[in-house]
Amino acid sequence: PIVAFSSITVRITGCMLSVGCCGVAAASLVGADVPGLMMALGNSSVGPLAKFSVSYPLIYHFLGGARHAYWDQYPEVITNASVEQSSYALIGLATAASVGLSMATFGSVSAETKKTAETETMIIEQK
């Protein structure tokens, strides 16, 4: 059922975010240029997929947490029908927002940063 799927997905996305944060922290600890790597990855041919793989768990987990907080505050609104409806809405909204964000580019980049990102992108694509 969709309600169980939605609930489990909130937990899975939380675990994914924890693993991702630990990975970024570990890379930083060993001296990797994490912002440069992220920029290179975001500008590569797999950039939209990489952005989606970060934005979807973040948005889904946030919205699932907000939904749960709402239910904690107003338990009288919880019915089987409303929980099912909110599960479909959560999946749809998280997917739409993540697709939109994964296709977007934000901010301006200095020429030096752009050149570094292009170099790192070429290295990533060669592997």
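The values are calculated or read from the model by the stated rules, or taken from the named source; none is laboratory data. Everything numeric in this text was worked out from a predicted model, so none of it was measured. When we count neighbours, we look across all protein chains shown, and the Cβ atoms used for this are built from the backbone with ideal geometry, even at glycine. With ligands, DNA and RNA removed, areas are computed over all heavy atoms of the protein, side chains included. Shrake-Rupley method; radii C 1.70, N 1.55, O 1.52, S 1.80 Å.
Can you tell me, using C-alpha contacts under 8 Å and at least 6 residues apart, the relative contact order of the chain as a whole percent?
Relative contact order, the chain: 41 percent.
So how long is each side of the chain along the principal axes, counting just the alpha-carbon atoms, biggest first, in Å?
56, 29, 25
Tell me the accessible surface of Met122 in square angstrom (1.4 angstrom probe, heavy atoms of protein chains only), to the nearest ten.
110
Note down the nm distance, to one decimal, between modelled labels 7 Å out along Cα→Cβ at Ala27 and at Leu93.
Result for the modelled spin labels: 3.0 nm.
Could you work out what % of the accessible surface of the chain is carbon and sulfur, using a 1.4 angstrom probe and leaving DNA, RNA and ligands out of the count?
69
Tell me the per residue accessible area of the chain using a 1.4 Å probe; a whole number in Å² is fine.
On the way: 8570 Å² over 127 residues.
Result: 67 Å² per residue.
How far apart, in nanometres, would the label points at Ile78 and Leu37 be if each is projected 7 angstrom from Cα along the Cα-to-Cβ direction?
My value for the distance between the label points is 4.1 nm.
I need the peptides 84-91, 69-76, 21-28 ranked by packing, meaning the mean over residues of other C-beta atoms within 10 angstrom, with the highest value on top.
Result, highest mean Cβ count within 10 Å first: 84-91, 21-28, 69-76.
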